[in-house]
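Written below as structure tokens is the structure these notes are about.
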Amino acid sequence: MAKTSPFSSDGGTLEPALRDLTQPLIDHAEGQLFLNEAFKIIVEEVLRKGTDAEEKVCEWREPESLALLLDLQLRDTGESQDRLLQRVRDVAKYSIKTSHPHFFNQQFGGVDYHSLAGRFLTEALNTNLFTYEVAPVFVLMETEVLKALRQLVGWTDGDGIFCPGGSTSNMYAMNLARYKLFPEVKTKGLWALPRLAIFSSPGSHYSVQKGASYLGFGTDSVILVKVDDGGRMIPEDLDAKIELAKSQGFVPLLVSCTSGTTVLGSFDPLDCIADVCDKHQLWMHVDAAWGGSVLFSKQHRHLMKGVERAKSVSWNPHKMLLAGLQCSAFLLQDTTNLLKRCNCANASYLFQQDKFYDVNLDIGDKSVQCSRKVDCLKLWLMWKAVGSTGLEHRVDKAFLHVRYLLEQMKKRDGFQLVSTQPEFVNVCFWFIPPSLRGKEGNADYQDKLAKVAPVIKERMMKEGTMMVGYQPLGDLGNFFRVTVFSPHICHKDMDFFLDEIERLGKCL
Amino acid sequence: MTDKQVTGQGPEAGFRHLSKCCPAVRDGPALKEPPVEMSAAERFIHEAMEVIIDEAVKKATDVQEKVCEWQSPEKLRELLDLELKDGGESDSKILQHCKNAIRYSVKTSHPRFFNQLFAGLEPYSMVASFITEAVKTSLYTYEVAPVFTLMEDAVLKKMMELIGWDEGGDGIFNPGGSMSNMYAVNLARYRFCPDIKEVGLYNAPRLVMFTSQEGHYSISKAAALLGLGTKNVYAVPSDDRGKMIPSALEEKIELARSEGAVPFFVNATAGTTVFGAFDPVDEIADICERHSLWLHVDACWGGAALVSNQHKHLLKGIHRADSVAWNPHKMLMACLQCSAFLIKDKTSLLQRCHSAKASYLFQQDKFYDVSYDTGDKSVQCSRKPDAFKFWLMWKALGSSELERRVDRALAMARYLAQTFKKREGFHLLMEPEYSNVCFWYVPPALRGLPDGPELWRKLHTVAPVIKERMMKTGSMMIGYQTHGDKPNFFRMVVINPQVSKQDLDFVLDEIHSLGKDLR
């Protein structure tokens, strides 16, 4: 700016509106009353009914009719508290009960009350995690939680940050790998770089593709490595694909391994992949958004053997651990401040260097976001309440549940597993209605089978009895994927699940 | 009972029964029975809510209480007992952790918190936040988020109406305005050359974007993350009020062209972070049209003026933008985060640019209209239903009350500016255009010094010391910064409708009393 005197400013005129400024415009007493009433509804409708196996999982309405019911339009004038409380009830009624014991639709579900208290508290405190100045408690807490998660990975030191979802974490990994190899990319862009290649498996999460296009690599730079029949990346093929890419003029950058693929729940063999990464000097990233929680379990952490050799790990405690959306940790082995160097912009209005405390605590410049939500409190509070041992029990119990479910499926007709030996808590299966049994040889068998799951899904949602996801995969037709991990479910719920599939699908 | 092994041995044996409410604690060996004991769980959540209402809502908004309870990081680490252990802790301990977290957190809803571009407590939005947390869903399909999908659509439509896009458009809520600005860059790039999605930037010409020197740093972060490079962000000079100079933009565009680079994107800022300046959108739009460039308006901060008939002229021409970022979590006081990204396009550009067509989420053979599955428009996978926080408060207050709040925030800024002129030792940097009031406090010992390097050097150290003192007393919080070669100055922003004139008078008195001995 021009070197004008700091004191040069001319006068203005006082406005009549100013006389209204002597009183507050807002009365918190009324707001607090509403808060109390709304809280009662949340407890009754969302928490009590929403977790009651006797109640419905969802109250299906077509979009057009739901839009009418909700009276969505925003108007000039405000509404009475009574009407607003009715709206709260409507939201509760027509929302999916993701904590219901018969909700098997996504990789989140169930409710943890300590975590929920942490979430309510986070919302009430309404702050931003960029400086120690405005979030002293949470800056320290995030550091502690990240440290504890890193210890489970097997790192004594390192760095990390909570991101708005695992996709963002995976993109951070790509960005860091690129910056580490070619720091000039930050200022000059990809034009200064050779063509880079990223390796992943077909079962990996789609955020690898999204990241590649978002970060300017292009999806063509993602090279898919073959998997074995359990959906695990084949290290030998990775090695071959890297060689091939090199011969085509690519510079191999990063391998994105998956611990717990979305559909099959497969774990890539990290130790063998790490050998290949060492050999070719590639950044090894582990997308453990879904599977990371096995690290709590002495019995099952072998699934991620070798994870300590990774450069970075994504891990979403909002999935299997029930921390509540969103809770996504991005963990780094690096101790050279790579994250900050890669992402910083040194905003002078936020990250002043002449503050009266250690400005290294102003962690916000490690992020590509500016305002960033506090996602650590919910996990920290839950972890404090149940301890690592309690979390370990949850993980172990989920595996036991899956074993039970598999046993029951074997006892029944019509349930055919996609992968006969599920590694994790995903169970993928076709339900074969009586009319199709024994007709595997028919030409239209696959087409007919692929139509079964969507119809059963429609029926279950319209009746509101349960929710489970389905999808095709490669050349496999639609099959169900049930994920079993909520600590609220018991054998009875799994029996119900199987009965219900049979009931809804038997006449197809 | 197996509970004990899991919960560890705390001294609060009397409260042990409460720990039953945690499902994991009660997991036990029996897998056959449902482990849920809702009455105990409810008891805990009720107790937690009582603590939250008393300490994080009532006390936090009480002007008699402190804004912050400063502790050094070392001391605070001890006080919080952060370590995570194998055993669990009793519920009474967990509630104590909640109380500690509240006590040592900054009360951003306190009437003396002026530190950021968010402030105050909006109970209706907070209720919506609580519902969001309890309902716990992700906004990617109509299947799992029917209500919030429709609400997001309704809120976006209304915001587009205020922008002046009569034909509608498209949009999405993002985790923060920086993300929205990055979306704009990515969409502009994709429209310019759709192949980039597959083949990357390698064969593309060097792409250049423009923003004013006052623009938010997220434009630079976007350039770095998206592989465009920060050097390809050309900073356009602003005038002495912080507004982009359109002729300078034109010159920079010509400069880029003469270098063989290809301009594709202009970011205009409506409400800059420090000065609250509004770039002349209409004139910038003329230039963008002439050069066929994507015009994005970063109205994260200034967008709120669109709800005010008196002040919306500040954003004149915004309807000509290709995209707009607007954060209702700032002046309109929706709970964090609530950031809308809006685009004028009606050809599914957002979806085409970002989609990956995950077969496990976006099945095309669903039994309802899959155009309601909006998740593939995002680069995220799980996404929070942030629009609801704005929808419920808007329903409660109506547009007219939102307008009153914005008008009041701007009136407060004018009042503050007037007061500075009357008080000795307070100097405005410039008349506020919006609600940012930037000023120096000059302690008595410096008032006689002639304008020059010595005064500036000494003045530079004043704001940091006053800031330290206000935080250590806990009386209030105001941000400070340098700007160009200007010495440290304070930036006051009055958003909170709970704040009245008396609070502002208090602020000035307090600054003087904290800083009068400085020399």
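From B:Val499, B:Val493, which residue is within 8 Å of chain A (Cβ to nearest Cβ) and under 30 Å from B:Arg408 (Cβ atoms)? Before the answer, list the steps.
Values: B:Val493 fails: within 8 Å of chain A (Cβ to nearest Cβ).
After applying the criteria, what remains is B:Val499.
Taking interchain pairs and intrachain pairs at least six residues apart, which have beta carbon atoms under 8 angstrom, with the first residue in region A:65-87 and more than 7 Å from chain B (Cβ to nearest Cβ) and the second part of a loop (DSSP other than H, G, I, E, B) and modelled with pLDDT of 95 or more?
Close Cβ pairs satisfying both conditions: A:Leu69/A:Arg61.
State all residues of region B:59-79 that are facing chain A (nearest Cβ under 8 Å), outside any loop (DSSP other than H, G, I, E, B) and out of contact with any His (no Cβ under 8 Å at 6 or more places or on another chain); if no residue qualifies, say none.
Within region B:59-79, B:Pro73, B:Leu76, B:Arg77 meet the criteria.
Are there any pairs, at least 6 apart or on different chains, whose C-beta atoms fall under 7 Å, with the first in region B:72-87 and over 18 Å from A:Asn360 (Cβ atoms) and the second part of a loop (DSSP other than H, G, I, E, B) and modelled with pLDDT of 95 or more, and if so, which?
Here the result reads B:Leu79/B:Gln71, each pair linking region B:72-87 to a residue that is part of a loop (DSSP other than H, G, I, E, B) and modelled with pLDDT of 95 or more.
Please enumerate the residues belonging to region B:359-375 that are under 30 Å from B:Phe130 (Cα atoms) and either at the interface with chain A (Cβ under 9 Å from one of its Cβ atoms) or surrounded by fewer than 21 Cβ atoms within 10 Å (Cβ to Cβ) (or both).
Pass one, region B:359-375, residues under 30 Å from B:Phe130 (Cα atoms): B:360-362, B:368-375.
Of everything in region B:359-375, those that are under 30 Å from B:Phe130 (Cα atoms) and either at the interface with chain A (Cβ under 9 Å from one of its Cβ atoms) or surrounded by fewer than 21 Cβ atoms within 10 Å (Cβ to Cβ) (or both) turn out to be B:Tyr360, B:Leu361, B:Phe362, B:Tyr368, B:Asp369, B:Val370, B:Ser371, B:Tyr372.
Kindly check whether there is at least one residue in region B:414-422 that is part of a loop (DSSP other than H, G, I, E, B), surrounded by fewer than 24 Cβ atoms within 10 Å (Cβ to Cβ) and more than 30 Å from the chain's Cα centre (by Cα).
No, that holds for no residue.
Assess whether A:Pro472 counts as being facing chain B (nearest Cβ under 10 Å) and touching a strand residue (DSSP E or B) at 6+ places or on another chain (Cβ under 9 Å).
It is true that A:Pro472 is facing chain B (nearest Cβ under 10 Å) and touching a strand residue (DSSP E or B) at 6+ places or on another chain (Cβ under 9 Å).
Checking A:Asp396 against (1) buried (at least 22 other Cβ atoms within 10 Å of the Cβ); (2) within 21 Å of the chain's Cα centre (by Cα); (3) within 12 Å of chain B (Cβ to nearest Cβ), which single condition isn't satisfied?
(1)
Just need a number here: residues in region B:359-395 that are under 17 Å from B:Ile172 (Cβ atoms) and hydrophobic (A, V, I, L, M, F, W, C).
Start the filter on region B:359-395 by keeping residues that are under 17 Å from B:Ile172 (Cβ atoms), which leaves B:361-362, B:370-391.
Then keep just the ones that are hydrophobic (A, V, I, L, M, F, W, C); that gives B:361-362, B:370, B:379, B:381, B:387-388, B:390-391.
Adding up the residues that qualify gives 9.
Give all pairs with beta carbons closer than 6 Å in which a residue from region A:409-431 that is not assigned by the TED database to the domain that holds A:Gly265 meets a residue that is surrounded by 16 or more Cβ atoms within 10 Å (Cβ to Cβ) and charged (D, E, K, R); count only pairs at least 6 apart in sequence or on separate chains.
These pairs meet every condition: A:Asn426/A:Arg481; A:Cys428/A:Arg481.
Restricting attention to region B:183-234, and to residues there that are within 7 Å of chain A (Cβ to nearest Cβ) and among the polar types (S, T, N, Q), which single residue is surrounded by the most Cβ atoms within 10 Å (Cβ to Cβ)?
Here the residue is B:Ser218.
Might you let me know whether region A:410-418 holds any residue that is within 8 Å of chain B (Cβ to nearest Cβ), surrounded by fewer than 24 Cβ atoms within 10 Å (Cβ to Cβ) and of a type outside the set (A, V, I, L, M)?
No, region A:410-418 contains no residue that is within 8 Å of chain B (Cβ to nearest Cβ), surrounded by fewer than 24 Cβ atoms within 10 Å (Cβ to Cβ) and of a type outside the set (A, V, I, L, M).
Is there a residue being of a type outside the set (Asp, Glu), surrounded by fewer than 22 Cβ atoms within 10 Å (Cβ to Cβ) and free of Cβ contacts under 8 Å to residues at least 24 places away in the same chain anywhere in region B:455-476? Show your work before the answer.
Our first condition is that a residue be of a type outside the set (Asp, Glu); within region B:455-476, this holds for B:455-467, B:469-476.
Next cut, surrounded by fewer than 22 Cβ atoms within 10 Å (Cβ to Cβ) only: B:455-458, B:460-461, B:464-465, B:469, B:472-475.
Remaining after also requiring free of Cβ contacts under 8 Å to residues at least 24 places away in the same chain: B:455.
Taking every residue of region B:455-476 in turn, at least one turns out to be of a type outside the set (Asp, Glu), surrounded by fewer than 22 Cβ atoms within 10 Å (Cβ to Cβ) and free of Cβ contacts under 8 Å to residues at least 24 places away in the same chain.
Matching residues to (1) more than 27 Å from the chain's Cα centre (by Cα); (2) of a type outside the set (A, V, I, L, M, F, W, C):
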site: A:Glu64; (1), (2): yes, yes
site: A:Asp76; (1), (2): yes, yes
site: A:Ile96; (1), (2): no, no
site: A:Leu125; (1), (2): no, no
site: A:Tyr132; (1), (2): no, yes
site: A:Leu140; (1), (2): no, no
site: A:Arg150; (1), (2): no, yes
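Has region B:147-166 got at least one residue that is assigned to a loop (DSSP other than H, G, I, E, B) and crowded, with 24+ Cβ neighbours inside 10 Å?
no
For every residue, the table says whether it meets (1) touching a helix residue (DSSP H, G or I) at 6+ places or on another chain (Cβ under 7 Å); (2) among the aromatic types (Phe, Trp, Tyr); (3) surrounded by fewer than 24 Cβ atoms within 10 Å (Cβ to Cβ); (4) at positive phi.
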residue: A:Met171; (1), (2), (3), (4): yes, no, no, no
residue: A:Pro183; (1), (2), (3), (4): no, no, yes, no
residue: A:Leu193; (1), (2), (3), (4): yes, no, yes, no
residue: A:Ile198; (1), (2), (3), (4): yes, no, no, no
residue: A:Val208; (1), (2), (3), (4): yes, no, no, no
residue: A:Val222; (1), (2), (3), (4): yes, no, yes, no
residue: A:Lys226; (1), (2), (3), (4): yes, no, yes, no
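Check off (1) closer than 29 Å to B:Gln116 by Cα; (2) more than 9 Å from chain B (Cβ to nearest Cβ); (3) surrounded by 24 or more Cβ atoms within 10 Å (Cβ to Cβ) for A:Pro317 and give me the number that stays unchecked.
(1)
So which pairs qualify, if the first residue must be in region A:323-334 and in the same structural domain as A:Arg372 (by the TED database) and polar (S, T, N, Q), the second must be surrounded by fewer than 24 Cβ atoms within 10 Å (Cβ to Cβ) and not in a strand (DSSP E or B), the Cβ gap must be under 6 Å, and the two must be at least 6 apart or on different chains?
Close Cβ pairs satisfying both conditions: A:Gln333/A:Trp155; A:Gln333/A:Gly158; A:Gln333/A:Lys311.
Give the residues of region A:25-44 that are within 7 Å of chain B (Cβ to nearest Cβ) and either modelled with pLDDT of 85 or more or within 33 Å of the chain's Cα centre (by Cα) (or both), sorted by residue number. Let's see the steps before the verdict.
Step one: of region A:25-44, the residues within 7 Å of chain B (Cβ to nearest Cβ) are A:25-26, A:28, A:31-32, A:34-35, A:38-39, A:42-43.
Residues satisfying the conditions are A:Gly31, A:Gln32, A:Phe34, A:Leu35, A:Ala38, A:Phe39, A:Ile42, A:Val43.
Restricting attention to region B:377-402, which residues are facing chain A (nearest Cβ under 9 Å) and acidic (Asp, Glu)?
Residue satisfying the conditions is B:Glu401 alone.
Does A:Leu338 fit the bill of being more than 21 Å from A:Val395 (Cα to Cα) and either out of contact with any Ser or Thr (no Cβ under 8 Å at 6 or more places or on another chain) or not small (Gly, Ala, Ser) (or both)?
Against the criterion (more than 21 Å from A:Val395 (Cα to Cα) and either out of contact with any Ser or Thr (no Cβ under 8 Å at 6 or more places or on another chain) or not small (Gly, Ala, Ser) (or both)), A:Leu338 qualifies.
Can you say whether B:Met126 is facing another protein chain (nearest Cβ under 10 Å) and under 19 Å from the mean Cα position of the chain (by Cα), as far as the supplied structure shows? Steps first, answer last, please.
On the way: facing another protein chain (nearest Cβ under 10 Å): yes; under 19 Å from the mean Cα position of the chain (by Cα): yes.
The answer is yes for B:Met126.
Among the numbered conditions (1) among the aliphatic types (A, V, I, L, M); (2) modelled with pLDDT under 95; (3) crowded, with 18+ Cβ neighbours inside 10 Å; (4) in a helix (DSSP H, G or I), tell me where A:Leu66 comes up short.
With (1) among the aliphatic types (A, V, I, L, M); (2) modelled with pLDDT under 95; (3) crowded, with 18+ Cβ neighbours inside 10 Å; (4) in a helix (DSSP H, G or I) applied to A:Leu66, the lone miss is (2).
Considering only residues that are in contact (Cβ under 8 Å) with a residue 12 or more places away in the chain and among the aliphatic types (A, V, I, L, M), look in region B:110-134 and name the one that is surrounded by the fewest Cβ atoms within 10 Å (Cβ to Cβ).
B:Leu117
Taking A:Arg61 as the residue in question, decide whether it is at pLDDT 95 or above, outside any helix (DSSP H, G or I) and within 24 Å of B:Met393 (Cα to Cα).
It is false that A:Arg61 is at pLDDT 95 or above, outside any helix (DSSP H, G or I) and within 24 Å of B:Met393 (Cα to Cα).
Being farther than 23 Å from B:Ala204 by Cα, modelled with pLDDT of 95 or more, more than 14 Å from chain A (Cβ to nearest Cβ) and within 26 Å of the chain's Cα centre (by Cα): is that true of B:Leu306 here?
No.
Could you count how many residues in region A:478-497 are touching a helix residue (DSSP H, G or I) at 6+ places or on another chain (Cβ under 6 Å), more than 10 Å from chain B (Cβ to nearest Cβ) and not in a loop (DSSP other than H, G, I, E, B)?
1
The values are calculated or read from the model by the stated rules, or taken from the named source; none is laboratory data. Fair warning: this is a prediction, and the values are worked out from it, not measured in the lab. When we count neighbours, we look across all protein chains shown, and the Cβ atoms used for this are built from the backbone with ideal geometry, even at glycine.
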